[in-house]
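First the structure, in the form of structure tokens, and then the observations on it.
The values are calculated or read from the model by the stated rules, or taken from the named source; none is laboratory data. Predicted model, so just to flag it, every value in this text is computed and none were measured. Glycine gets a Cβ as well: all are built from the backbone with ideal geometry, and neighbour counts include every protein chain shown. Just the protein is used for accessible areas: all its heavy atoms, side chains included, with ligands, DNA and RNA removed. Shrake-Rupley method; radii C 1.70, N 1.55, O 1.52, S 1.80 Å.
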Amino acid sequence: MTEEIHRRNMPLNRDSMVEVANELRAMHAPWHIVEQLYLQARQSGKNCIIESIRTPGEVEMLRKKENFYLFAVDAEPQIRYTRIQGRMNETDNITYATFLENEKREMASDDPNKQNILKCVEMADFRINNNNGLNELFEQLDQILKKIEHGRK
């Protein structure tokens, strides 16, 4: 994605990422980006995690693959904002108000080529609350992995 943004001489920020992603989905298919990531993952020959699933079409495409599980990981907005500020990524240099506006824009859409995070969360096999640090996160993941190991959702 960042390569395409640079190729277009666009600023590397969330707005550019959303714009380019939506255009690529509209040109190819709602699942186009995730399909490319899936193909890269398959070529690696290893177990992989594809993050930032944003559209129901992406979920539906991945559901057709073997051993796919969708995890919805969430935390309170202020916690997520503090965490993105801590990672000091170029695309995350925004105010809290802008962060909330971006989130609102990406939560729901009737356009299959645009972000609909709420619907993706509804489609998740497992939901993880990530408000309380790594120990609790790892505990939840351990429980989920045990369920997967025993063939349960």
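If you plug the beta carbon distance of Glu51 and His150 into 1/(1 + (r/R0)^6) with R0 = 22 Å, you get a FRET efficiency near 0.30. The Phe138 and Met1 beta-carbon pair, evaluated with R₀ = 30 Å, returns a calculated FRET efficiency of approximately 0.55.
A convex hull fitted around the alpha carbon atoms of segment 26-128 yields 129 Å³ per residue. Within the chain, the whole DSSP H helices whose Cα atoms reach 18 Å or more along their own axis and whose mean Kyte-Doolittle score is at least -0.5 are 14-27, 32-44, 134-149. Between Phe71 and Leu12, full extension at 0.36 nm per residue minus the direct alpha carbon distance yields a gain of 18.5 nm. When the Gaussian network model of the chain links Cα atoms closer than 10 Å, the mean-square fluctuations of Asn93, Asn67, Asn102 top out at Asn67. For Ile79, the solvent-accessible surface computed with a 1.4 Å probe is close to 50 Å², ligands and nucleic acids excluded. So which of Lys46/Lys147; Lys65/Lys114; Lys119/Lys147; Lys64/Lys147; Lys114/Lys147 end up more than 29 Å apart, counting from Cα to Cα? Correct reply: Lys114/Lys147.
The string of couplings for segment 114-121 from the Karplus curve (6.51, -1.76, 1.60, θ = phi - 60°) is 10, 4, 8, 5, 4, 5, 4, 4 Hz, one whole number per residue in order, with x for Gly and Pro. Per residue, the solvent-accessible area of the chain (1.4 Å probe, heavy atoms of protein chains only, all protein chains present) comes to 68 Å².
The amide H of Asn130, built 1.01 Å from its N in the peptide plane, has Asp74, Ala75 as neighbours under 5 Å, considering only residues 5 or more places off or on other chains. Among the protein heavy atoms of segment 36-112, carbon and sulfur supply 49% of the accessible surface, probe 1.4 Å, non-protein parts ignored.
Across the chain, C-alpha contacts under 8 Å between residues 6 or more apart give a mean separation that, scaled by the residue count, equals a relative contact order of 25 percent.
In loop segments of segment 14-115 as defined by DSSP, the trypsin sites (Lys or Arg not before Pro) with at most 13 further C-beta atoms inside 10 Å of their C-beta are Lys46, Lys64, Lys65. R0 = 30 Å: FRET efficiency of Leu118 with Gln78, Cβ-based, nearest 0.05? About 0.95, to the nearest 0.05. In this simple spin-label approximation, Asp111 and Arg87 carry label points 7 Å from Cα along the Cα→Cβ vector, and these lie 2.5 nm apart. Rounded to the nearest 10 square angstrom, Asp142 shows an accessible area of 90 square angstrom against a 1.4 Å probe.
For the chain, the mean residue ellipticity at 222 nm estimated from helices alone is -17000 deg cm²/dmol, where every DSSP H run of n ≥ 4 contributes -39500 (n - 2.57) and the total is divided by all residues, rounded to the nearest 500.
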